[in-house]
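Engineer: The structure is given below, and queries will be raised subsequently.
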Amino acid sequence: MVNGLVFGALSVVLMIARIQLADGLYIDARSVPVALIGLFEGWQAGLLASALPVIYRLVKLGGAGALAGAAGVIVAGLLGGLAHAWARRQGRVRAHHAFALSGAVFVATFVTFAAVGPYALRLFGLVWLPMLVTYLVGIGLVARLFQDVVEQAHLAAGQQRFRAIIDEASEAIRIVDPDTFKIIDVNRRECELSGYRPQEMIGRDVRQFWPTEPELRARQEASAAEARAQGYARAFGMPYRTRSGRIVSVDSTRRIVAHRGRRYEIIVFREAAEREAVEASRREAGELRAVTLLAGAAAHEINNPLAVVMGSLDLLSRRLPDDGQEARWVEQALDGVRRIRDIVARMTRITKIESTPAGANLPPILDLERSSDDPKETS
């Protein structure tokens, strides 16, 4: 709406600042702004823009041709709206839309002159060429310049949106030329992770930021080669070298995309520490579940025969003399059975996995005492 009023005011200014062709012979470009705003913003804006010059023509200037002149401006706004709809179907305003609109406005102007009468037609015969040139230049060429300005504004707005989006991303993003390995752009998170400023990275060979250790560098090379061969590569626990030389484990996704005839490699990094911690927790939980299930099953299977053995030894100890060697042997056996019972009971209270070395050339074994500590007892 604001643009419609602005272009309407410009139309009034052009009516006031008319062009003198000869003594008593004038033309003006009142229809040009009205047609232009209709072309770029639609018929509503065109009609709104025509309101001010129509009021000025009818109220201020008046005369026999006032109605025809006002109608010509309104028609220019409507023609601009039609050209706008035509251009939208084809994606954008192009030169043929603007020049076709110039011709249509010129024809509409001729009709308004003809509607006034023979005198106006004779007058049109004197001014038709300057008027045609005015419309071709004012609508055709200016529309092209205006379109360039609009496209540049849209491009700048798009770039600002793109920058805002990638800078707000939680992952580090690096855009690379896949043919030259030159860094084209990086986002804020990439700079935070690497420790470099954008200007220190953009334009440089991405391989300069890879780890220098042959084994670690080979993993980066393999991932980059896979992306270039297949268009996509994903890797977990990749080595990422920061400015300080520290190696950080990251998960990376590489994708080769094409835009306007040029290829780009989009690399997205995410620190792997969180994922690795979750996976470690899952592994520990799985190990703990497996151990507790095994311990529970073993305890159940051991307790039944152990109770029989313990009961039998207890009965036997009662039948033997207290001071005999056999009684001492039975008591030692009972002590061993009680120890086994305590160990089995502790197996059912395993709450974590703690290992201890088993000796040379042997894998570590479960430290049952540390793994089954009761938190209430150690607090």
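The values are calculated or read from the model by the stated rules, or taken from the named source; none is laboratory data. From a predicted model like this one, the values you see are computed outputs, not experimental measurements. A quick note on method: Cβ atoms are made from the backbone with ideal geometry, for glycine too, and the neighbour counts reach across all protein chains shown.
Engineer: Could you tell me how many of the residues in segment 219-245 are outside any strand (DSSP E or B), more than 23 Å from the chain's Cα centre (by Cα) and not polar (S, T, N, Q)?
Structural biologist: Narrowing segment 219-245 to residues outside any strand (DSSP E or B): 219-231, 242-245.
Now narrow it down to the ones that are more than 23 Å from the chain's Cα centre (by Cα): 219-222, 225-226, 229, 242-245.
Retained after the next criterion (residues that are not polar (S, T, N, Q)): 219, 221-222, 225-226, 229, 243, 245.
Counting residues in segment 219-245 that are outside any strand (DSSP E or B), more than 23 Å from the chain's Cα centre (by Cα) and not polar (S, T, N, Q) gives 8.
Engineer: If you don't mind, there's one more thing I want to ask. Among the numbered criteria (1) loosely packed, with under 12 Cβ neighbours inside 10 Å; (2) without any contact (Cβ under 8 Å) to a residue 60 or more places away in the chain; (3) more than 30 Å from R92 (Cα to Cα), which one does D179 miss?
Structural biologist: (2)
Engineer: Quick check on this structure: which one of L316, L368 is within 30 Å of R283 (Cβ to Cβ), surrounded by 12 or more Cβ atoms within 10 Å (Cβ to Cβ) and without any contact (Cβ under 8 Å) to a residue 40 or more places away in the chain?
Structural biologist: Numbers: L316 fails: within 30 Å of R283 (Cβ to Cβ).
L368 is the lone residue from the list that is within 30 Å of R283 (Cβ to Cβ), surrounded by 12 or more Cβ atoms within 10 Å (Cβ to Cβ) and without any contact (Cβ under 8 Å) to a residue 40 or more places away in the chain.
Engineer: Test R228 against the criterion of being surrounded by 13 or more Cβ atoms within 10 Å (Cβ to Cβ), over 20 Å from L193 (Cβ atoms) and either charged (D, E, K, R) or in the same structural domain as I184 (by TED's automatic domain parsing) (or both), and give yes or no. Before you say what the answer is, go through the steps one by one.
Structural biologist: Numbers: surrounded by 13 or more Cβ atoms within 10 Å (Cβ to Cβ): yes; over 20 Å from L193 (Cβ atoms): yes; either charged (D, E, K, R) or in the same structural domain as I184 (by TED's automatic domain parsing) (or both): yes.
Considered against the rule, which asks whether it is surrounded by 13 or more Cβ atoms within 10 Å (Cβ to Cβ), over 20 Å from L193 (Cβ atoms) and either charged (D, E, K, R) or in the same structural domain as I184 (by TED's automatic domain parsing) (or both), R228 comes out as yes.
Engineer: Is at least one residue of segment 269-286 in contact with a Phe, Trp or Tyr (Cβ under 7 Å, 6 or more places away or on another chain) and among the small types (G, A, S)?
Structural biologist: Yes: one or more hits.
Engineer: Another question, if that's okay. Search segment 148-164 for residues that are more than 15 Å from V186 (Cα to Cα) and pair each with any residue that is part of a helix (DSSP H, G or I) when their beta-carbon atoms are under 9 Å apart and the residues are at least 6 apart or on different chains.
Structural biologist: From residues that are more than 15 Å from V186 (Cα to Cα), the pairs are V150/F40.
Engineer: Of the residues A290, A280, A295, only one is in contact with a helix residue (DSSP H, G or I) (Cβ under 8 Å, 6 or more places away or on another chain), at pLDDT below 85 and not in a strand (DSSP E or B); which?
Structural biologist: Details: A290 fails: in contact with a helix residue (DSSP H, G or I) (Cβ under 8 Å, 6 or more places away or on another chain); A280 fails: in contact with a helix residue (DSSP H, G or I) (Cβ under 8 Å, 6 or more places away or on another chain).
Of A290, A280, A295, the one residue that is in contact with a helix residue (DSSP H, G or I) (Cβ under 8 Å, 6 or more places away or on another chain), at pLDDT below 85 and not in a strand (DSSP E or B) is A295.
Engineer: Here's something else I'd like to know. Scanning segment 189-218 for residues that are β-branched (V, I, T) and not in a helix (DSSP H, G or I), which turns out farthest from I256 (Cα to Cα)?
Structural biologist: Step one: filter segment 189-218 for residues β-branched (V, I, T), giving 202, 206, 212.
Among the residues that remain, those that are also not in a helix (DSSP H, G or I) are: 202, 212.
Numbers: I202: 18, T212: 25 Å.
Among residues in segment 189-218 that are β-branched (V, I, T) and not in a helix (DSSP H, G or I), the one farthest from I256 (Cα to Cα) is T212.
Engineer: Of the conditions (1) closer than 24 Å to A143 by Cβ; (2) crowded, with 18+ Cβ neighbours inside 10 Å, A68 clears all except one; give me its number.
Structural biologist: A68 satisfies every listed condition except (1).
Engineer: Could you check, for segment 276-288, whether at least one of its residues is of a type in the set (A, V, I, L, M, F, W, C) and touching a residue at least 12 places away in the same chain (Cβ under 8 Å)?
Structural biologist: Taking segment 276-288 and keeping what is of a type in the set (A, V, I, L, M, F, W, C), we get 277-278, 280, 285, 288.
Now restrict to residues that are touching a residue at least 12 places away in the same chain (Cβ under 8 Å): 288.
There is at least one residue in segment 276-288 that is of a type in the set (A, V, I, L, M, F, W, C) and touching a residue at least 12 places away in the same chain (Cβ under 8 Å).
Engineer: Something else: Looking only at segment 246-277, count every residue that is part of a strand (DSSP E or B) and either in the same structural domain as S371 (by TED's automatic domain parsing) or surrounded by 12 or more Cβ atoms within 10 Å (Cβ to Cβ) (or both) and tell me the total. Spell out how you get there, then give the answer.
Structural biologist: Of the residues in segment 246-277, the ones part of a strand (DSSP E or B) are 247-259, 262-271.
Now restrict to residues that are either in the same structural domain as S371 (by TED's automatic domain parsing) or surrounded by 12 or more Cβ atoms within 10 Å (Cβ to Cβ) (or both): 247-257, 263-271.
Adding up the residues that qualify gives 20.
Engineer: Pairs please, first residue from segment 34-60 and assigned by TED's automatic domain parsing to the domain that holds A9 and in contact (Cβ under 8 Å) with a residue 60 or more places away in the chain, second anywhere and among the β-branched types (V, I, T) and not in a helix (DSSP H, G or I), Cβ atoms under 7 Å, 6+ apart in sequence or on different chains.
Structural biologist: Sorted first by the residue in segment 34-60, then by its partner, the pairs are L39/V93; F40/V93.
Results for (1) more than 27 Å from S249 (Cβ to Cβ); (2) under 60 Å from the mean Cα position of the chain (by Cα); (3) of a type in the set (D, E), shown as yes or no for each residue.
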residue	(1), (2), (3)
R282	no, yes, no
A285	no, yes, no
L306	yes, no, no
D314	yes, no, yes
E326	yes, no, yes
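Engineer: Could you give me the residue pairs with C-beta distances under 7 Å whose first residue belongs to segment 321-348 and is of a type in the set (D, E, K, R), whose second residue is surrounded by 14 or more Cβ atoms within 10 Å (Cβ to Cβ) wherever it lies, and which are 6+ apart or on separate chains?
Structural biologist: Listed pairs, sorted by first residue: E326/L320; E331/S317; R341/L306; R346/L368; R346/S372.
Engineer: With (1) in contact (Cβ under 8 Å) with a residue 40 or more places away in the chain; (2) of a type outside the set (S, T, N, Q); (3) in a helix (DSSP H, G or I) as the list, and L67 as the residue in question, which single condition is left unmet?
Structural biologist: That leaves (1) as the condition not met.
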